[in-house]
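Participant: Sending over a structure as structure tokens; questions will come in a sec.
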């Protein structure tokens, strides 16, 4: 995949504005378009790279620190029972972490997060949620 085809390269201009949380040190934080798990975010590497092992130790540490900032902000806001983390590259081959809050009442507790019926938010709902997470994490637009 060419960088020009990657929806995570330059996400500020390629992602719905209502789903942009903001920028942290090594990542851009996006609100997942599926909010089945309230507060689900994507922590997307600012570097177009596919595999975690392709980052230097300091780049990996910075990306992990950003994921922790996001999960701590989500925890503060919504008090999930646990946080799940996943990095897949088979759908969008650009390194990113799914920071997925899980709740005992989410209907899938004790099981993997898939399959489930995706929950879409209106643009206003998504924008409000992205703003809350931006403020809780210190991400910047």
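The values are calculated or read from the model by the stated rules, or taken from the named source; none is laboratory data. Please read these numbers as outputs of a predicted model, since none were measured by experiment. Neighbour counts run over all protein chains shown; Cβ positions are idealised from the backbone, glycine included.
Participant: Please count how many residues of segment 17-31 are within 24 Å of residue 119 (Cβ to Cβ), in contact with a helix residue (DSSP H, G or I) (Cβ under 7 Å, 6 or more places away or on another chain) and surrounded by fewer than 19 Cβ atoms within 10 Å (Cβ to Cβ).
Facilitator: Qualifying residue count, segment 17-31: 1.
Participant: Another question, then. State whether the residues of segment 50-62 include one that is closer than 20 Å to residue 126 by Cβ, at pLDDT 95 or above and surrounded by 15 or more Cβ atoms within 10 Å (Cβ to Cβ).
Facilitator: No, because not a single residue in segment 50-62 is closer than 20 Å to residue 126 by Cβ, at pLDDT 95 or above and surrounded by 15 or more Cβ atoms within 10 Å (Cβ to Cβ).
Participant: Still on this structure, please answer the following. Can you tell me how many residues within segment 17-32 are over 13 Å from residue 99 (Cα atoms), within 14 Å of the chain's Cα centre (by Cα) and in a loop (DSSP other than H, G, I, E, B)?
Facilitator: Residues meeting the conditions: 2.
Participant: Here's a follow-up. Which of the following residues is closer than 16 Å to residue 23 by Cα, assigned to a loop (DSSP other than H, G, I, E, B) and touching a helix residue (DSSP H, G or I) at 6+ places or on another chain (Cβ under 9 Å): 38, 48?
Facilitator: Details: 38 fails: closer than 16 Å to residue 23 by Cα.
Testing whether each residue is closer than 16 Å to residue 23 by Cα, assigned to a loop (DSSP other than H, G, I, E, B) and touching a helix residue (DSSP H, G or I) at 6+ places or on another chain (Cβ under 9 Å) leaves just 48.
Participant: Right, another one. Taking segment 106-124, which residues are touching a helix residue (DSSP H, G or I) at 6+ places or on another chain (Cβ under 9 Å), in contact (Cβ under 8 Å) with a residue 24 or more places away in the chain and surrounded by fewer than 17 Cβ atoms within 10 Å (Cβ to Cβ)?
Facilitator: 120, 123, 124
Participant: For residue 66, all conditions in the list (1) assigned to a helix (DSSP H, G or I); (2) crowded, with 21+ Cβ neighbours inside 10 Å; (3) in contact with a helix residue (DSSP H, G or I) (Cβ under 7 Å, 6 or more places away or on another chain) hold save one; what is the number of the exception?
Facilitator: The failed condition is (3).
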